[in-house]
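First comes the structure, then the notes that go with it.
The values are calculated or read from the model by the stated rules, or taken from the named source; none is laboratory data. The model shown is predicted, which means the values in this text are computed figures rather than measured ones. Note that each Cβ is placed from the backbone with ideal geometry, even for glycine, and that neighbours are counted across all protein chains shown. The accessibility values were calculated without ligands, DNA or RNA, using every heavy atom of the protein model including side chains. Shrake-Rupley method; radii C 1.70, N 1.55, O 1.52, S 1.80 Å.
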Amino acid sequence: MEENFFPCRRVPSAPLFLENRMTDAREYPTRPIAGVGVVVCKEDAVLLIRRGHPPRYGEWSLPGGAVELGETWREAAQREVREECGIEIAVGEVMDAVDIIARDDAGRARYHYALVDFVATYISGEVCAASDALETRWVSLAELDAFPLSELTRAVIAKAVQSSGIGDGR
């Protein structure tokens, strides 16, 4: 008798390995995608990126992205900032855990990310738009209101500013 490590009902039209396969699809995923967002602080400024891929293509936001298999949340935060912005950071505290869900016209979840947002401190490197970012920019706290950011992004930045004390001489 053959041992089955994946108990499931056999579907005649699909091979057994496809019945149990997880998908990595970002669009119309079968489950939320784990990801990170990072509020990178440097003196009295935070780092913003203009997104290069959906969802929210072309919008200003925080650097971040999906956690890779075998990677910790903090490792993902460091890697994503390095890949998108070309800099090194020291990852600090968790600021929030949020869901980003974009639905299509029929109400189906077209994108669903479960994100852990961190505060981080700039260490080294020259900021440049790379990988998923169209543009990167250090934005002073005084200029932040002029940027079109989602309310969720503004709330996470406010928590990080309060936690890190940037702009108050700490």
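Let me know the whole percent of all Cα-Cα pairs from segment 32-170 that are separated by more than 22 Å. The share of Cα pairs beyond 22 Å in segment 32-170 comes to 32 percent. The modelled label-to-label distance between A155 and R26, using points 7 Å beyond Cα along the C-beta direction, is 2.4 nm. If I take R0 = 41 Å and measure r between the Cβ atoms of A146 and L69 in this structure, what FRET efficiency does the formula 1/(1 + (r/R0)^6) give, to the nearest 0.05? Approximately 0.60, to the nearest 0.05. Length available on full extension from Y57 to E83: 0.36 nm per residue minus the Cα-Cα distance, which gives 7.6 nm. For segment 55-69, backbone phi angles converted through the Karplus equation (6.51, -1.76, 1.60; θ = phi - 60°) give residue-by-residue couplings of x, 6, 3, x, 8, 7, 7, 8, x, x, x, 6, 6, 8, 4 Hz, Gly and Pro being listed as x.
Probing with 1.4 Å while keeping every protein chain in the model, the per residue accessible area of segment 33-99 equals 43 Å².
Summarising the label geometry, the points placed 7 Å from Cα in the beta-carbon direction at A102 and L134 lie 1.2 nm from one another.
A crude spin-label estimate for the pair A90 and K42, with each label 7 Å from Cα along the Cβ direction, gives 1.6 nm. The amide H of V119, built 1.01 Å from its N in the peptide plane, has V39, G92, E93, M95 as neighbours under 5 Å, considering only residues 5 or more places off or on other chains.
Take S164: with every protein chain present and a 1.4 Å probe, its accessible area is about 40 Å².
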